[in-house]
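Worksheet: the structure to be examined is printed underneath.
The values are calculated or read from the model by the stated rules, or taken from the named source; none is laboratory data. As the structure is a computational prediction, the values presented were derived from the model and not from experiment. Here the Cβ positions follow ideal geometry from the backbone for every residue, glycine too, while neighbour counts run over all protein chains shown. Just so you know, the surface numbers come from the protein's heavy atoms only, side chains and all, with ligands and any DNA or RNA stripped out. Shrake-Rupley method; radii C 1.70, N 1.55, O 1.52, S 1.80 Å.
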Amino acid sequence: MEQRTIEQIATRVRALREDMEFSPAEMADAIGIDVVKYEQAEAGEYDFSFTFLYRAAEKFGVDMIDLLTGEGPHLTGYSLMRRGEGLEITRDEGFKYLHLAPEFKNKLCEPFMVTAPYRESEQDVPIKMQSHAGQEFNYIVSGRMRFAYEEHIEDLGPGDTVLYNSNRDHGMIAVGGGPCTFLAIVLKDPADND
């Protein structure tokens with residue numbers, strides 16, 4: 001992501017935190033990082049991870065799109081995206097996300113087409129784990145994925161699916177020598193929709 005875009009997101013995060021009177025320590029705790037790393041993110045010193053943005057949006061009670069673009073979604077009936085369209089989000093960990101319904105308001109899920117890069121350096125080390133509220137559904141479109149869930153490891157190929165509680169440690173990498181593209185539908189925690 002461009003430095004200018006990172007700084008714009010950082011400004012929106014800081015402004016929301018200040019408006020809602022959350023301390024940096026409260027935000028760091030909600031996101032699951034230490035306060036120094038949170039303050040560096042808020043200063044625009046590094047790119048935001050998907051997990052950071054998702055958890056920050058949950059804490060603020062806003063749509064993740066508000067943090068990314070500065071504009072809230074406004075469609076309420078339906079949202080249509082044609083092939084290749086969507087809000088592109090490229091994280092510095094190399095994953096490319098294409099948000100498939102950025103304009104739909106009050107979503108119960110966040111739908112993404114995700115491309116995970118193949119990295120030789122990730123093949124023989126433990127998979128980096130993360131967690132976030134809710135559940136997640138992944139459908140492999142192309143390539144191969146190694147999926148880790150707590151102590152379980154599964155290899156997935158085109159047409160394979162996995163649905164899991166994303167509040168537990170999970171992670172994934174592309175395997176087989178090439179990138180893996182998959183449909184990811186992040187289902188929000190039902191407690192957040194009351």
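Sort out which residues of the stretch 122-134 are out of contact with any Asp or Glu (no Cβ under 6 Å at 6 or more places or on another chain) and under 15 Å from F95 (Cβ atoms), and write them in order of number.
Taking the stretch 122-134 first, the residues out of contact with any Asp or Glu (no Cβ under 6 Å at 6 or more places or on another chain) are 122-128, 130, 132.
Passing the criteria: E122, I127, K128, Q130, H132.
In the set E39, E26, E21, which member is of a type in the set (D, E, K, R), at pLDDT 90 or above, under 26 Å from Q135 (Cβ atoms) and open to solvent by 70 Å² or more (accessible area, probe 1.4 Å)?
Every option except E26 fails the conditions.
Does K96 satisfy the criteria of being of a type in the set (D, E, K, R) and touching a strand residue (DSSP E or B) at 6+ places or on another chain (Cβ under 7 Å)?
yes
Among the strands (runs of 3 or more DSSP E) contained in the stretch 135-194, which hold 3 or more residues that are at pLDDT 95 or above and in contact with an Asp or Glu (Cβ under 7 Å, 6 or more places away or on another chain)? Spell out how you get there, then give the answer.
Details: elements: 135-142, 144-149, 152-156, 161-165, 170-175, 180-187.
Because the criterion is at least 3 residues that are at pLDDT 95 or above and in contact with an Asp or Glu (Cβ under 7 Å, 6 or more places away or on another chain), the strands (runs of 3 or more DSSP E) in the stretch 135-194 that meet it are 144-149.
Tally up the residues in the stretch 79-92 that are open to solvent by less than 80 Å² (accessible area, probe 1.4 Å) and either assigned to a loop (DSSP other than H, G, I, E, B) or at pLDDT 90 or above (or both), please.
Result for the stretch 79-92: 5.
Going by the conditions given, is E110 within 27 Å of D29 (Cβ to Cβ), out of contact with any Phe, Trp or Tyr (no Cβ under 7 Å at 6 or more places or on another chain), surrounded by 20 or more Cβ atoms within 10 Å (Cβ to Cβ) and not small (G, A, S)? Reasoning before the result, please.
Numbers: within 27 Å of D29 (Cβ to Cβ): yes; out of contact with any Phe, Trp or Tyr (no Cβ under 7 Å at 6 or more places or on another chain): yes; surrounded by 20 or more Cβ atoms within 10 Å (Cβ to Cβ): yes; not small (G, A, S): yes.
When the stated conditions are applied, E110 passes them.
Looking at F50, F60, F95, which is the one that is surrounded by 15 or more Cβ atoms within 10 Å (Cβ to Cβ) and modelled with pLDDT under 85?
One residue alone meets the criteria, F50.
Taking the stretch 63-73 only, how many residues are open to solvent by less than 30 Å² (accessible area, probe 1.4 Å) and of a type outside the set (D, E, K, R)?
Looking only at that region, the number is 5.
If you check every pair at least six apart or on different chains, which have Cβ atoms under 8 Å apart with a residue in the stretch 104-125 that is part of a strand (DSSP E or B) first and a residue that is open to solvent by 50 Å² or more (accessible area, probe 1.4 Å) and of a type in the set (G, A, S) second?
Y118/G176; Y118/G177
Within the bounds of the stretch 147-165, is there any residue that is in contact (Cβ under 8 Å) with a residue 40 or more places away in the chain, touching a His at 6+ places or on another chain (Cβ under 9 Å) and open to solvent by 40 Å² or more (accessible area, probe 1.4 Å)?
Checked the stretch 147-165: no residue is in contact (Cβ under 8 Å) with a residue 40 or more places away in the chain, touching a His at 6+ places or on another chain (Cβ under 9 Å) and open to solvent by 40 Å² or more (accessible area, probe 1.4 Å).
Check whether at least one residue in the stretch 89-103 is within 28 Å of G44 (Cβ to Cβ), in contact with a helix residue (DSSP H, G or I) (Cβ under 7 Å, 6 or more places away or on another chain) and among the small types (G, A, S), and report yes or no.
No, every residue in the stretch 89-103 fails to be within 28 Å of G44 (Cβ to Cβ), in contact with a helix residue (DSSP H, G or I) (Cβ under 7 Å, 6 or more places away or on another chain) and among the small types (G, A, S).
Only one of (1) closer than 21 Å to L98 by Cβ; (2) surrounded by fewer than 17 Cβ atoms within 10 Å (Cβ to Cβ); (3) not aromatic (F, W, Y) is not met by T181, so which one is it?
Looking at each condition in turn, T181 falls short on (2).
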